[in-house]
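Q: Below you'll find the structure I mean.
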Amino acid sequence: MDSIHIQGGVSLQGRVLIQGSKNAALPILAASLLTKETSCIRNCPRIADVYRMVSLLKSLGCEVAWVDGGIRVNPVCVCGGEMPEEAITGMRSSLCLLGAVLGRCGEVVMEHPGGCVIGERPIDLHIDALKKMGVVFEEEGGRLRATAPGGIHGARICLPIASVGATENILLAAALAKGDTLIQGAAREPEVAALCAYLSECGARIEGAGSDRLCVRGSCGRPLDGAQFCIPADRIVAGTYLFGCIATGGNVLLADAPVDQMEAALRVAVRMGSRWERAREGIYVQSPPRPLLPEKLRTSPHPGFPTDMQSMALAAMTKGKGQCLIEETIFEKRFRVVEPLREMGADIETLNSRKVSVRGVSRLVGRDVEAGELRGGAALVLAGLMAEGVTRVYGVKYIDRGYENICRDLRELGARIVSV
Ligand code: EPZ
């Protein structure tokens with residue numbers, strides 16, 4: 001299946017169950033290497049990035065199996081840290097294996113994780129922090145070899161940017177280290193807190209989860225215990241359908257949505273004229289036929305408005321009333337979706353690589369459009385819901401990286417959408 005066809009003009013109505021969080025599941029699956037016992041991690045989303053992480057764990061020697069809605073990992077036979085090439089270059093989110101394999105094996109050889117269409121995606125913060133913990137990095141035939149000749153030891157680390165991935169890698173390397181690690185300027189994203197919760201279930205001693213100051217008391221090489229853990233619902237997927245409701249003037253129940261992790265997005269929904277309330281099952285949202293545009297929208301690290309929801313908010317704004325200045329402060333190339341939205345009739349002015357101004361128009365027209373990355377692809381699907389006629393979104397492989405089945409979910413909300 002390589003395209004999604006949408007017949008626009010339908011308001012989303014009904015209930016949709018939100019899948020488990022991709023960005024929580026990936027580092028937690030990597031963290032399961034830090035124990036020699038079996039872990040069972042439930043509510044993992046069935047998406048391409050998780051499938052690839054599972055095959056990576058297997059390539060490192062783990063026994064991994066999907067069992068009644070979860071993934072069982074038995075890492076007792078992990079042997080060495082040779083990461084297969086497609087591991088890193090093909091998927092940024094396996095970078096968290098760096099800290100986990102170092103923690104377990106003391107060395108890892110990996111390809112340089114390339115940049116991607118949303119930005120350069122450097123790893124300098126990861127490398128600088130791990131060096132302070134006794135890790136040595138060497139180039140080896142275009143690959144990166146990381147070793148810890150004297151073992152990994154605790155350190156005091158100040159992150160100049162609240163990098164989610166760097167925070168996660170430091171936590172993973174620190175859990176078994178000799179001594180304590182203090183991370184100042186840590187990322188506060190809920191996925192980092194979920195990783196801390198899993199590691200604590202495994203016996204790691206971590207203070208400050210959810211804050212920007214984390215302290216890890218290393219186990220001095222003693223492996224952690226196995227654990228049972230349930231992945232929280234995916235706030236970005238919930239936000240995708242929240243903006244789908246706003247875009248189409250719908251009434252939607254986002255079942256299982258992590259409302260406490262979505263305050264910034266819900267504030268924007270209210271500014272756009274929607275009403276929401278906590279329901280027993282999640283979040284109930286009601287939106288007007290045409291949203292209002294807030295004057296400004298700026299992405300920032302959690303608890304600010306998440307960069308991963310920016311494209312979906314932009315799409316929902318294209319047929320709203322008014323004008324909005326959107327500023328993307330996290331990634332430098334997160335406006336690729338602007339061009340295809342313009343082809344559909346959107347009025348978006350690019351001010352620079354981090355700012356666009358969107359002015360609401362009365363109609364969008366269905367077109368053949370190409371997704372270039374995960375969240376831009378989801379945004380094009382939302383635009384298709386709003387457009388007259390049929391929109392065909394190509395590049396479904398990007399969308400499949402983060403959504404179990406976006407067509408299934410939106411069909412449950414009444415959309416006329418098929419994967420072809
Ligand atoms: C994580 O990426 C998420 N991915 C991203 O979600 C998310 O957009 C991002 O965090 C920000 O919230 C996963 O969790 C798998 P960062 P990550 O390190 O860790 C700069 C999605 O759609 N930086 O927090 O790669 C970097 O360039 C994906 O699900 C450095 O300069 O993001 C960026 O400007 C997309 N040096 C900023 O920090 C470094 O060493 C934030 O990046 C690392 C990062």
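Coordinate-derived values only; no laboratory data. Model, not experiment: these values are computed from the prediction. As a convention, Cβ positions derive from the backbone with ideal geometry for all residues, glycine included, and neighbour counts pool all protein chains shown.
Q: Taking G210 as meeting all but one of (1) in contact (Cβ under 8 Å) with a residue 24 or more places away in the chain; (2) within 21 Å of S21 (Cα to Cα), write down the number of the exception.
A: (1)
Q: Whether any residue in segment 117-136 is more than 16 Å from the ligand (Cβ to nearest atom) and more than 22 Å from K58 (Cβ to Cβ) is what I want to check.
A: Yes, segment 117-136 has at least one match.
Q: Which one is nearest to the chain's Cα centre (by Cα), of the residues in segment 20-64 that are without any contact (Cβ under 8 Å) to a residue 24 or more places away in the chain and closer than 30 Å to C220 by Cα?
A: Within segment 20-64, the match that is nearest to the chain's Cα centre (by Cα) is S55.
Q: Given the criteria β-branched (V, I, T) and buried (at least 20 other Cβ atoms within 10 Å of the Cβ), does T147 qualify?
A: Judged against the criteria, T147 is not a match.
Q: Please note which helices (runs of 4 or more DSSP H) are completely contained in segment 246-360 and include at least 1 residues that are of a type in the set (S, T, Y).
A: Qualifying helices (runs of 4 or more DSSP H): 310-317.
Q: Evaluate the following for R342: is it free of Cβ contacts under 8 Å to residues at least 24 places away in the same chain, out of contact with any helix residue (DSSP H, G or I) (no Cβ under 8 Å at 6 or more places or on another chain) and over 20 Å from A238 (Cβ atoms)?
A: yes
Q: Please specify each residue of segment 197-236 satisfying the condition of being within 25 Å of E263 (Cα to Cα) and in contact with a Cys (Cβ under 8 Å, 6 or more places away or on another chain).
A: Across segment 197-236, the qualifying residues are E207, G208, A209, G210, L214, F229, I231.
Q: Regarding segment 287-299, can at least one residue be identified that is away from the ligand (no atom under 15 Å from the Cβ) and among the small types (G, A, S)?
A: Yes, because at least one residue in segment 287-299 is away from the ligand (no atom under 15 Å from the Cβ) and among the small types (G, A, S).
Q: Is it the case that some residue within segment 180-191 is part of a helix (DSSP H, G or I), within 27 Å of G226 (Cα to Cα) and within 16 Å of the ligand (Cβ to nearest atom)?
A: Scanning segment 180-191, I find at least one residue that is part of a helix (DSSP H, G or I), within 27 Å of G226 (Cα to Cα) and within 16 Å of the ligand (Cβ to nearest atom), so the answer is yes.
Q: Restricting attention to segment 384-420, which residues are in a helix (DSSP H, G or I), more than 21 Å from the chain's Cα centre (by Cα) and touching a residue at least 40 places away in the same chain (Cβ under 8 Å)?
A: Scanning segment 384-420 gives G384, L385, M386, E412.
Q: Hey, another quick one. How about segment 1-51: which strands (runs of 3 or more DSSP E) wholly inside it have at least 2 residues that are within 25 Å of L380 (Cα to Cα)?
A: The qualifying strands (runs of 3 or more DSSP E) are 3-7, 13-17.
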